[in-house]
Amino acid sequence: MATDIRPDFHLPSQIYIRQDITKDIGRIIPRFGSRVIIVTTAKDLEVYGTVIEMISRQLKDADISCIVYDGIHYPPNTEEIDTAAAYIKKTNCDLIVGIGSVDSINSAKALSILATNYFFCHDLFSNPKLTQKPLSFITIPGSPMFGFEIAPIFYLEEIHDLTNNVYHNPDLYPEATIIDPLITLFCPEEKILKCTIGTLAIAAESVISKKNNDIINTYALKSIDMIFRNIPVAYREPQNSVPRTFLSTSSVMAGIAFAVSFLSITLSISLALVSKTNLDIESAMSIMLPHIMEFNLTSSPGKYVQMSKVMGEDVRGITVVEAAIKAVEAIRKLGADIDIPQRLSSYDISKSIFKEVADLAATYPFLDNTPREVNNNELETILIAAY
């Protein structure tokens, strides 16, 4: 029996999305465990320390033993995760809570596996057979994170070659994701906007994936719709938590779509850029998206028309290709309207590394379902166009 056949839809996680939901953490978390490790990077502790302290206090009031582990630095690497795993095994905890940025969430996912299996972290990337299911974990994102708060995937820096490696396992869905838009107010506005464009990338490529189906298409298109309706408001009113609720919801919906569609050239190139430069993942994704959209346009014009419509574009009386082009133009205009850099040349990056970046991007598992095959040379051409 084939083991790589994924269901057309699968969502075992409970999802909580509402303002002030963190005030009910003391009633939610006991449903999943009684000995809790809160995992956050040292950098995220500085940003979300107030929230983490409030959650810890609630858990103690609920007679839940709780330890905060913040010994992971930026960017998280496999060696630091091994150190954290050794510590967590000694605590006999039964639940991990990852809180903060995508780095903290990725760390929590990796630790959920290593807490119950005897591997080193770097061994995971060769996809060994797990002897035990991952330890239960919950995610509490501090910003929209292009679906990684719920998708059963993580990436980490490999300590030996300093490149980002990807691990995927269908058992890696969180028990729950708890999303309070008020937490995102602690996150810098620019990061919220860039992460949301990253969400847009995941959703848009889910629409054109060869694994796309009607259920996934609905989630991905609705994610795009919510982003276009709410990101301009979030930009104009950075302290307004209402649009952030929709942006957080769009991230979860994109993650649900991505878990099945499993396509993102944008993410592949961005992970490679992060590995080879000092660029952060959200900046890389926000720059690369329109160029990836342009590359795939002629292979899926009908799908692009669907996206144009939910982006609010008028496609009446024009050809399918003209309507499809409007989706790419709308994304470019959106990025410009919210003052997001449009070019890699805006950062201290040399074109000389593009071949290395393209070669690394081609190794990631997110290219198989693209409607138009892409090779290393084409990836390099996309990078040059984005410069």
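The values are calculated or read from the model by the stated rules, or taken from the named source; none is laboratory data. Please read all numbers here as calculations on a predicted model, not as lab measurements. Quick reminder, even Gly has a Cβ in these numbers, built from the backbone with ideal geometry, and neighbours come from all protein chains shown.
Things worth noting here:
- Test: Leu263 is out of contact with any Gly (no Cβ under 8 Å at 6 or more places or on another chain), assigned by TED's automatic domain parsing to the domain that holds Pro341 and under 20 Å from Asp348 (Cα atoms): no
- Number of the condition not met by Ile67 [criteria: (1) over 21 Å from Phe154 (Cα atoms); (2) assigned to a loop (DSSP other than H, G, I, E, B)]: (2)
- Of Met293, Met307, Met311, Met285, all but one fail to be closer than 25 Å to Asn212 by Cα, in contact with a Gly (Cβ under 9 Å, 6 or more places away or on another chain) and crowded, with 21+ Cβ neighbours inside 10 Å; the exception is Met285.
- In region 292-304, the count of residues that are among the acidic types (Asp, Glu), touching a residue at least 24 places away in the same chain (Cβ under 8 Å) and on the phi > 0 side of the Ramachandran plot is zero.
- Taken as a whole, the structure leaves Val328 outside the set of residues that are in a helix (DSSP H, G or I), more than 23 Å from the chain's Cα centre (by Cα) and in contact (Cβ under 8 Å) with a residue 12 or more places away in the chain.
- Filtered residues of region 48-64 (kept if more than 12 Å from Ile99 (Cβ to Cβ) and loosely packed, with under 15 Cβ neighbours inside 10 Å): Arg57, Lys60, Asp61, Asp63
- When we screen Leu263, Leu279, Leu247, Leu267 for residues that are closer than 14 Å to Thr199 by Cα, part of a loop (DSSP other than H, G, I, E, B) and within 23 Å of the chain's Cα centre (by Cα), the only hit is Leu263.
- Selection count where residues are acidic (Asp, Glu) and outside any loop (DSSP other than H, G, I, E, B), scope region 347-387: 4
- Check on Ser209, small (Gly, Ala, Ser) and either in contact with an Asp or Glu (Cβ under 8 Å, 6 or more places away or on another chain) or free of Cβ contacts under 8 Å to residues at least 40 places away in the same chain (or both): no
- With respect to (1) under 20 Å from Gly147 (Cα atoms); (2) touching a helix residue (DSSP H, G or I) at 6+ places or on another chain (Cβ under 6 Å); (3) of a type in the set (Asp, Glu), the lone exception for Asp103 is condition (2).
- The single condition from (1) under 26 Å from Asp20 (Cα atoms); (2) modelled with pLDDT under 95 that Ser101 fails is (2).
- Residues in region 261-274 that are crowded, with 24+ Cβ neighbours inside 10 Å and closer than 21 Å to Leu221 by Cα: Ser261, Leu263, Ser264, Ile265, Thr266, Leu267.
- Filtered residues of region 310-323 (kept if more than 19 Å from Ser223 (Cβ to Cβ) and assigned to a helix (DSSP H, G or I)): Val320, Val321, Glu322, Ala323
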